[in-house]
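Working notes, structure below.
The values are calculated or read from the model by the stated rules, or taken from the named source; none is laboratory data. Here the structure is a predicted model, which is why all the values come from computation and not from measurement. As a convention, Cβ positions derive from the backbone with ideal geometry for all residues, glycine included, and neighbour counts pool all protein chains shown.
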Amino acid sequence: MANLPKQFDSFNEARQKGFINAKELKESGKKMVGVFCTFTPVEIPMAAGATVVGVCGVSEEPIPDAEKVLPRNLCPLIKSSYGHAITDTCPYFYFSDLLIGETTCDGKKKMYEELAKVKPTYVMHLPNTAKGEFAYKLWKDEMIKLKDEVEKSLGVTITEDDIRAAIKDKNEERELLKEFYALGKLQPSALTGLELHNVLYQAGFKFDRAELKQSLRKVIDDMKERYEKGECPITKDKPRILITGSPIGGISEKIVKTLEDAGASVVAYELCGAIRSNDLLVDEENEDVYDALTQKYINIGCSCMMNNDHRIELLDRIIDEYNVDGVIDVVLQACHTFNIESYRVREFVTKEKNKPFMSLETDYSKSDTEQLRTRFEAFVEML
């Protein structure tokens, strides 16, 4: 990508050198915990002194191997995750001492049953709604059970002070990420959609917490400096797009690059690895650390939740704060919850926010790239 400051290289290297970094980490005696979802309270394994990493699930290469066990008409993210695990092609799976899953969608729940045959896997039981005392109590109990499981699996003792320190550490990261997202509020945006997505995605592969926060601080400052020098690659005439929906790590080039090549500027992502997961902080003043974690993590606006008002409320704010011209809802094939909820999002965006809306369903293959290009060009022209 043109006009990128050198600090972007550190994020690219973190991903590219994943195997070496993970191997060195394990050789140093450090424990590693692999996670799949933003509902996982990472502060708990962090409090155990473990390195927490999002496991691989963005490549179509291991999917044929996964389909020997899993059905073909299943979400590509689930198949990719499982395929990497059984083919030993993901260093984070390979070196993890424990995997933490969660009962979000049906496909992942059943995949975890097979995954547990390959690697120690603990599954948190997420309530189907964020509303009501029963849901809150269930999720808080799951926080405590996870703490007990991590202690048992890693052979450590986790104190509440350990959790408080992890909460503070993770909140500092969230604050930096929110400051980075906010560069998209500028008109024009201070960075391209691919720049925005790549940093958000690759930040998860920086294992040194202090280095991660230093790198985020540096890239924010570099982007601001580039913007002030008038070297921003985005022009004011480009329509401002919000991407919402399923995780797009496996299709970022196909979606974001093709969309921006069509003349758009992607300014925000309402996705699992972006604003959706980092919008809310954990309350550091709450004396009950498990209550604080519960309140944060039960209020993530994912489509797996019934009556998912939190997502609509977040979309409402993003559309206004980022001065969005159009919304594109990206749904991974066979992702039923996001696919069904797309109707509610469409109704909200078009009728309450009076913004153009487009929805699409895709998988990890590149076969529909030109079809998407045609649709994007028509959508951008309409704006």
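In the set 234, 275, 243, which member is surrounded by 22 or more Cβ atoms within 10 Å (Cβ to Cβ), closer than 22 Å to residue 59 by Cβ, in contact (Cβ under 8 Å) with a residue 12 or more places away in the chain and not basic (Lys, Arg)?
243
Answer yes if at least one residue in region 186-195 is surrounded by fewer than 21 Cβ atoms within 10 Å (Cβ to Cβ), modelled with pLDDT under 95 and either under 23 Å from the mean Cα position of the chain (by Cα) or outside any loop (DSSP other than H, G, I, E, B) (or both), and no otherwise.
yes
Could you list, in sequence order, the residues of region 249-275 that are at pLDDT 95 or above and of a type in the set (D, E, K, R)?
Once the filter is applied, which keeps residues that are at pLDDT 95 or above and of a type in the set (D, E, K, R), region 249-275 yields 254, 257, 260, 261, 270.
Residue check: is residue 33 free of Cβ contacts under 8 Å to residues at least 60 places away in the same chain and of a type outside the set (Lys, Arg)?
no
Considering each of 180, 207 in turn, give the residue that is closer than 29 Å to residue 250 by Cβ, in a helix (DSSP H, G or I) and of a type in the set (Phe, Trp, Tyr).
The unique qualifying residue is 180.
Can you find even one residue in region 88-99 that is free of Cβ contacts under 8 Å to residues at least 24 places away in the same chain and over 22 Å from residue 278 (Cβ atoms)?
So far as region 88-99 goes, yes, one or more of its residues are free of Cβ contacts under 8 Å to residues at least 24 places away in the same chain and over 22 Å from residue 278 (Cβ atoms).
Tell me which residues, restricted to region 129-158, are without any contact (Cβ under 8 Å) to a residue 24 or more places away in the chain, on the phi < 0 side of the Ramachandran plot and either surrounded by fewer than 19 Cβ atoms within 10 Å (Cβ to Cβ) or not charged (D, E, K, R) (or both).
133, 134, 137, 138, 141, 145, 148, 152, 157, listed by residue number.
Tell me, which residue of region 98-128 that is of a type in the set (D, E, K, R) and in contact with a strand residue (DSSP E or B) (Cβ under 6 Å, 6 or more places away or on another chain) is surrounded by the most Cβ atoms within 10 Å (Cβ to Cβ)?
102
Please count how many residues of region 326-370 are polar (S, T, N, Q) and either part of a helix (DSSP H, G or I) or at pLDDT below 95 (or both).
5
Which one of 14, 2 is touching a Lys or Arg at 6+ places or on another chain (Cβ under 6 Å), modelled with pLDDT under 95 and not hydroxyl-bearing (Ser, Thr, Tyr)?
The conditions single out 14.
In the set 212, 216, 183, which member is farther than 26 Å from residue 92 by Cα, surrounded by 17 or more Cβ atoms within 10 Å (Cβ to Cβ) and in contact with a helix residue (DSSP H, G or I) (Cβ under 9 Å, 6 or more places away or on another chain)?
That would be 183, the only listed residue that is farther than 26 Å from residue 92 by Cα, surrounded by 17 or more Cβ atoms within 10 Å (Cβ to Cβ) and in contact with a helix residue (DSSP H, G or I) (Cβ under 9 Å, 6 or more places away or on another chain).
Looking at (1) closer than 25 Å to residue 234 by Cβ; (2) surrounded by 15 or more Cβ atoms within 10 Å (Cβ to Cβ); (3) at pLDDT 95 or above, can you tell me which one residue 381 breaks?
(2)
Filter region 279-308 down to residues that are surrounded by fewer than 16 Cβ atoms within 10 Å (Cβ to Cβ) and free of Cβ contacts under 8 Å to residues at least 60 places away in the same chain, then give me how many there are.
Residues flagged as surrounded by fewer than 16 Cβ atoms within 10 Å (Cβ to Cβ) and free of Cβ contacts under 8 Å to residues at least 60 places away in the same chain within region 279-308 amount to 3.
Being closer than 30 Å to residue 365 by Cα, surrounded by fewer than 18 Cβ atoms within 10 Å (Cβ to Cβ) and among the charged types (D, E, K, R) narrows it down to one of 311, 346, so name that one.
One residue alone meets the criteria, 346.
Kindly list, by first and then second residue, each pair from a residue in region 309-338 that is closer than 14 Å to residue 358 by Cα to a residue that is of a type in the set (A, V, I, L, M, F, W, C) and part of a loop (DSSP other than H, G, I, E, B), limited to pairs with Cβ atoms under 6 Å and residues at least 6 apart or on different chains.
Within 6 Å, the pairs are 325/383; 326/383; 330/248.
Only helices (runs of 4 or more DSSP H) wholly contained in region 232-325 count here; list those with 1 or more residues that are over 19 Å from the mean Cα position of the chain (by Cα).
258-261, 289-297, 309-321
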